[in-house]
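This report refers to the structure that appears directly beneath it.
The values are calculated or read from the model by the stated rules, or taken from the named source; none is laboratory data. Model, not experiment: these values are computed from the prediction. Quick reminder, even Gly has a Cβ in these numbers, built from the backbone with ideal geometry, and neighbours come from all protein chains shown. Ligands, DNA and RNA are excluded from the accessible area calculation, which covers all protein heavy atoms including side chains. Shrake-Rupley method; radii C 1.70, N 1.55, O 1.52, S 1.80 Å.
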Amino acid sequence: MTELESRIDKAIGALELDAKVRLLTGASNFTLHPEQAIDLAEVVFSDGPTGVRGALFTGGRIACLLPNATLLAQHWDTAVATEVGALLAEEAAAQHVHVVLGPTVNLHRTPLSGRLFESFSEDPMLTGALATAYIKGLQDNGIAATLKHFVANEAETDRKTVNSLVDERTLREAYLLPFEMAVADANPWAVMAAYNRVNGIPATEHTALIEGVLKGEWRYDGLVMSDWYAAESTAESANAGLDLTMPGPAGPWGDRLVAAVHEGEVAESTVDEHVRRMLRLAGRVGAFGEERAWPSDGPAPDSPQRRALLRRLAAGGMTVLVNRESTLPLATEGKVAVIGRHATETVAQGAGSAQVRPPHVVSIADGISAALGADRVSVVDGVEIRSDPLTAAPYSLRDPETGEFGIRVTTRDGRGDVIESRYVDGSEVSLRESPWLASATTIELAAVVVLAEPARMQVGVRGRGEWTFSAPGHYERVRLERVDNAGEVLRLPYRTVTLDLQPGARITAVVTPEPDTPIVGLAARAAPKPPAAAIGAATWAAREADVAVVVVGLTPEQETEEVDKITLALPGEQDALVAAVAAAAKRTVVVVNAATPVLMPWLDRVDAVLWAGLPGQEAGAAVAAALTGEVEPAGRLVTTFPARDGDGPVWSPMPLHGELPYGEGIACGYRGWQASGIDPLFWFGHGLGYTQWAYGEAELTVDDTIRSVRVEVTNTGSRAGREVVQVYWRPEGEPVRLIGWSGVDVEPGLTASVEVLVEQRVLRRWHDGAWQWLPLTGEVLIARGLGDIRITLPTAR
Ligand code: BGC
């Protein structure tokens, strides 16, 4: 027995039942209870996966905002995933966070799912391999990873009640596989049980999955926690293998679990086992026994070192979807019109628990202007992209008293007397997370709108309650009610007006919040023009320039936790904007600022498309580096893009009578597309990069299984580039599947011999309760995405 295990034994022996049970529910949203008697310190959790936000949802610490998971996955590079894990570990250590709540390894089952931006891909093996590397990056640096959400959590609609109906084979071969790989190869110190039910049983109470598969067959020795508020039962969840319910301090365990033990419903040894796993986690992260020494300082989120890394991580994953006549990289001369609301109001991240508060977001307009020189670039706003104006961006408001970026928040009692007045660095406040707001009858939010010149602005308020709002020439009272189809925190009610404001204009809002109002804030942004006017101005600018770069995309209204999409169409009149620009411009480059597929009805009319994802804090700098070719956008898609709404093996994420059948079985994503015979807009694995590749001799090593593939690839273009050699297997009578890949950097004119090792766990079939090896009949495909198969080799000997 190791030293840690014997200390755990001793600690368990030293605690009474109620003290042990206390350790099994969070102490707060993101902490666990310390216990002096056994030398247990407070364990601190923070959401990932795109940054370490810390313990607060709103107004927390400034932290690095990474590119989103699909953009990182588009590198197809486990070394990048490890680098990301190591970066997150440093970010966690700087905040004294022990446990990061990521990676997310649920699959891209339908392109409509709101939370796809947070998970890697539609392929279980690619997902499992990237997650493994990411976990190693975190845990090799002493910070726990949390593999989530276990399991069959591929959509957001009714996420807390939906019953995912998945047959055993599909679970094993598709949805459990990334968990299986990560557990076997990286041993994440925590796993999070999902909100949904799996075949009728809540994931937090799923004995067969938690005790049977995870802890039994896979011999997982880490901790299983619930997703936030997911656990609702006492004995059922405790007996199923769930070790910890989150958050706390309230929850379904506590006294009720103590009583369940007294009544014989839960054995005390079961509680001990949960405590054992909790202490094992604490021991692994240095919170049990001798306390870990945290580093005294590290690079700040806006340090040159972090900025350079985040820019490279974003730019390298960006994907060239179309590039006619080598339109990209951009020429080193000529005028460029940068067009679109996403250029000025760039979307750097999705919405929900993964949200981070970055030091800045470099807009795409600013990034391109800085890279090309302001004299070459004109920036033109596009059409409206949102229905909700969102909270004012950092640097758009100033505290009227101190002049600092942010707002002035003043609380008053029932008689109207001031209780407290504070500067707040942001434009919203969380009533749940700011105790000083609790005693207020009214809260006043005041700010000066940052303007260099007179401008037409959209300003207003967000959050539930009775409001008065005043701005120069405007006063109104309004009552804002709960928005009922979305989460309380993610979708706030709002009221805005469009006003012509002068520099120095002050806006003041006073709210009488409701008892459970979560967040209140101010909205302020440049008012969008009506579509016809915006398109007119864009067309004019496009005509004047040598190249039009039109930036379109989704917003956190679509790419969000808790809500699924209903269409892949770009919001607003963005398609009309692209079509008009393409008709007017000499050359049109479309940059898509979104994590997950969108429709591109204008595709035949544009010269190039760069898929930019949600690029994180260095967004604009990364897009500029990719467009100019300073960094090759060498990404390959990690999900298949449909050409039309409704196409593809799985479309609707909507449960029917509470049930969501995974009827396509293992044929989700490209596997189902290949079988259907319908062509997608872009295949999984597609991505052009900036050079061309010729494939030469290929050789397959097969004994009793397929071991590896060796192939020669030649860079036939004029630039150095990275090729991702993808190897698929089409077993006879079974869906095609990715079985391996390898990335290689090659100088122009040179040839590399690339060896791709085959992942054995995708060569199996689950049948009648056991794994079988698939017969070796079939073909191996060496491809640049399934739309560009270069070599086909038979596998039968
Ligand atoms: C999400 C988890 C997240 C947790 C804590 C939940 O809503 O599903 O992924 O880690 O909140 O913020």
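The figures follow:
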{"item": "Residue among ALA203, ALA230, ALA208 that is among the small types (Gly, Ala, Ser), more than 22 Å from GLU268 (Cβ to Cβ) and open to solvent by 20 Å² or more (accessible area, probe 1.4 Å)", "result": "ALA208"}
{"item": "Selected residue (only one of GLY721, GLY733 is more than 18 Å from ARG765 (Cβ to Cβ) and out of contact with any helix residue (DSSP H, G or I) (no Cβ under 9 Å at 6 or more places or on another chain))", "result": "GLY721"}
{"item": "Qualifying strands (runs of 3 or more DSSP E) (wholly inside segment 368-487; at least 1 residues being open to solvent by 30 Å² or more (accessible area, probe 1.4 Å) and at pLDDT 95 or above)", "result": "377-380, 407-412, 418-424, 442-449, 455-462, 465-471, 474-480"}
{"item": "ALA152 being in a helix (DSSP H, G or I) and within 27 Å of TRP651 (Cβ to Cβ)", "result": "no"}
{"item": "Candidate set from segment 157-181 (those that are in contact (Cβ under 8 Å) with a residue 40 or more places away in the chain and assigned to a loop (DSSP other than H, G, I, E, B)); member that is most open to solvent (accessible area, probe 1.4 Å)", "result": "LYS160"}
{"item": "Residues located in segment 225-237, provided they are within 14 Å of the ligand (Cβ to nearest atom) and among the hydrophobic types (A, V, I, L, M, F, W, C)", "result": "MET225, TRP228, ALA230, ALA231"}
{"item": "Among the residues listed as HIS96, HIS108, the single one being open to solvent by less than 10 Å² (accessible area, probe 1.4 Å), outside any helix (DSSP H, G or I) and either of a type in the set (D, E, K, R) or more than 15 Å from the ligand (Cβ to nearest atom) (or both)", "result": "HIS108"}
{"item": "Matching residues in segment 382-431 - criterion: being closer than 30 Å to ILE364 by Cα and of a type in the set (A, V, I, L, M)", "result": "VAL383, ILE385, LEU390, ALA392, ALA393, LEU397, ILE407, VAL424, VAL429"}
{"item": "Of all residues making up segment 211-223, the number that are small (Gly, Ala, Ser) and either open to solvent by less than 20 Å² (accessible area, probe 1.4 Å) or in a loop (DSSP other than H, G, I, E, B) (or both)", "result": "1"}
{"item": "Per-region count, segment 541-593, residues more than 30 Å from LEU490 (Cα to Cα) and in a loop (DSSP other than H, G, I, E, B)", "result": "5"}
{"item": "Any hit, segment 500-509, residues being open to solvent by 50 Å² or more (accessible area, probe 1.4 Å), farther than 30 Å from PRO435 by Cα, touching a residue at least 12 places away in the same chain (Cβ under 8 Å) and in a strand (DSSP E or B)", "result": "yes"}
{"item": "Single condition ALA626 does not satisfy, out of (1) part of a loop (DSSP other than H, G, I, E, B); (2) buried (at least 24 other Cβ atoms within 10 Å of the Cβ)", "result": "(1)"}
{"item": "Tally, over segment 540-570, of residues that are farther than 16 Å from ASP607 by Cβ, open to solvent by less than 20 Å² (accessible area, probe 1.4 Å) and more than 16 Å from the ligand (Cβ to nearest atom)", "result": "7"}
{"item": "Single match in GLY334, GLY340, GLY286, GLY317 (criterion: surrounded by 23 or more Cβ atoms within 10 Å (Cβ to Cβ) and either more than 23 Å from ALA524 (Cβ to Cβ) or among the charged types (D, E, K, R) (or both))", "result": "GLY317"}
{"item": "Boolean, ALA608 is of a type in the set (A, V, I, L, M, F, W, C) and in contact (Cβ under 8 Å) with a residue 24 or more places away in the chain", "result": "yes"}
{"item": "Failed item in (1) open to solvent by 10 Å² or more (accessible area, probe 1.4 Å); (2) of a type in the set (Gly, Ala, Ser); (3) touching a residue at least 60 places away in the same chain (Cβ under 8 Å), with ALA184 passing the rest", "result": "(3)"}
{"item": "Residues located in segment 629-663, provided they are touching a Ser or Thr at 6+ places or on another chain (Cβ under 9 Å), part of a loop (DSSP other than H, G, I, E, B) and of a type in the set (Asp, Glu)", "result": "GLU632, ASP645, ASP647"}
{"item": "Selected residue (criterion: nearest to the ligand (Cβ to nearest atom)) from residues of segment 343-353 that are open to solvent by less than 40 Å² (accessible area, probe 1.4 Å) and among the β-branched types (Val, Ile, Thr)", "result": "VAL347"}
{"item": "Strands (runs of 3 or more DSSP E) wholly inside segment 664-780 that include at least 1 residues being in contact with a strand residue (DSSP E or B) (Cβ under 6 Å, 6 or more places away or on another chain), open to solvent by less than 50 Å² (accessible area, probe 1.4 Å) and in contact (Cβ under 8 Å) with a residue 40 or more places away in the chain", "result": "693-702, 706-715, 721-731, 737-746, 751-757, 764-767"}
{"item": "Residue within segment 117-133 that is within 16 Å of the ligand (Cβ to nearest atom), of a type in the set (Phe, Trp, Tyr) and not in a strand (DSSP E or B) present", "result": "yes"}
{"item": "Residue match in segment 77-85 (condition: over 23 Å from PHE150 (Cα atoms), of a type outside the set (Val, Ile, Thr), within 13 Å of the ligand (Cβ to nearest atom) and in a loop (DSSP other than H, G, I, E, B))", "result": "no"}
{"item": "Tally, over segment 186-221, of residues that are within 16 Å of the ligand (Cβ to nearest atom) and of a type outside the set (Val, Ile, Thr)", "result": "11"}
{"item": "Matching residues, segment 134-156, being open to solvent by 10 Å² or more (accessible area, probe 1.4 Å), on the phi < 0 side of the Ramachandran plot and more than 17 Å from the chain's Cα centre (by Cα)", "result": "LYS136, GLN139, ASP140, ASN141"}
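The rows are residues; the columns are (1) more than 30 Å from GLY317 (Cβ to Cβ); (2) away from the ligand (no atom under 16 Å from the Cβ).
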site	(1), (2)
VAL21	yes, yes
LEU32	yes, no
GLY48	no, no
ARG53	no, no
LEU56	no, no
